[in-house]
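Accompanying notes for the structure given below.
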């Protein structure tokens, strides 16, 4: 009985620490600023891109309908994109048993950078669906949507099962990532999930208690990827 009590106390203490860490004197103005950032492309319907993977196989976005999709847009010359690779690999592994979630990497770059793209994939052991979208070429109207919409790297979008963009995802090092992704399975906007978590709402508390081991495991992933 004493052991159980100690475990529960430890659990509650961890919960309090999480609460304090995500409520770091955030003002309402700052919260609204974050929400606007996460609302980028919210409610926009994705187009059915047609791109080649590293093995020259054609991949269409419509191949993954009925699944929640995390799309990582990056570029070979973006250091921030490349530094995220270890975490992205671990996050993808973290969800490997969840068939309803798909991770897609799309490198947007000049066509002459394609060989560099392939080298980076090998160097950082980037598995999964990795695609290349050339800039400044005669892209299809569908592919053009992504060239025109993505303004900076890295950009992470959460796409619903119906192909509707639920908004941007936070930086990969955020320990709120699984909460926002899990909510995406139910079609919730990323901005709404972020607000629930940052204000430590009852909805987030219930999720946290139900997913305690998941948050602990994610913290381990973040710590390892930062070393």
Residues of segment 116-165 satisfying the condition of being farther than 30 Å from residue 185 by Cα, outside any strand (DSSP E or B) and in contact with a helix residue (DSSP H, G or I) (Cβ under 7 Å, 6 or more places away or on another chain): 120, 135, 137, 139
Of all residues in segment 187-197 being at pLDDT 95 or above and surrounded by fewer than 23 Cβ atoms within 10 Å (Cβ to Cβ), the one that is nearest to residue 33 (Cα to Cα): 191
Any hit, segment 84-99, residues being in contact with a strand residue (DSSP E or B) (Cβ under 9 Å, 6 or more places away or on another chain), closer than 23 Å to residue 178 by Cα, in contact (Cβ under 8 Å) with a residue 60 or more places away in the chain and not in a helix (DSSP H, G or I): yes
Conditions (1) crowded, with 18+ Cβ neighbours inside 10 Å; (2) not in a helix (DSSP H, G or I); number of the one not met by residue 113: (2)
First in segment 26-41 and at positive phi and at pLDDT 85 or above, second anywhere and in a helix (DSSP H, G or I) and surrounded by 15 or more Cβ atoms within 10 Å (Cβ to Cβ), Cβ under 9 Å, 6 or more apart: 41/149
Among residues of segment 130-151, those that are closer than 21 Å to residue 44 by Cβ and either under 18 Å from the mean Cα position of the chain (by Cα) or free of Cβ contacts under 8 Å to residues at least 24 places away in the same chain (or both), counted: 8
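Kindly evaluate residue 91 against the criterion of being surrounded by 20 or more Cβ atoms within 10 Å (Cβ to Cβ) and modelled with pLDDT under 95.
Yes; evaluated as a whole, the condition is true for this residue.
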Whichever residue in segment 63-80 is outside any loop (DSSP other than H, G, I, E, B) and touching a residue at least 60 places away in the same chain (Cβ under 8 Å) and, among such residues, is nearest to the chain's Cα centre (by Cα): 70
The lone exception for residue 14 - which of (1) under 30 Å from residue 114 (Cα atoms); (2) modelled with pLDDT under 85 it fails: (1)
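The values are calculated or read from the model by the stated rules, or taken from the named source; none is laboratory data. As the structure is a prediction and not an experimental result, all values here were calculated from the model. Positions of Cβ are generated from backbone atoms using ideal geometry, with glycine treated the same way; all protein chains shown enter the neighbour counts.
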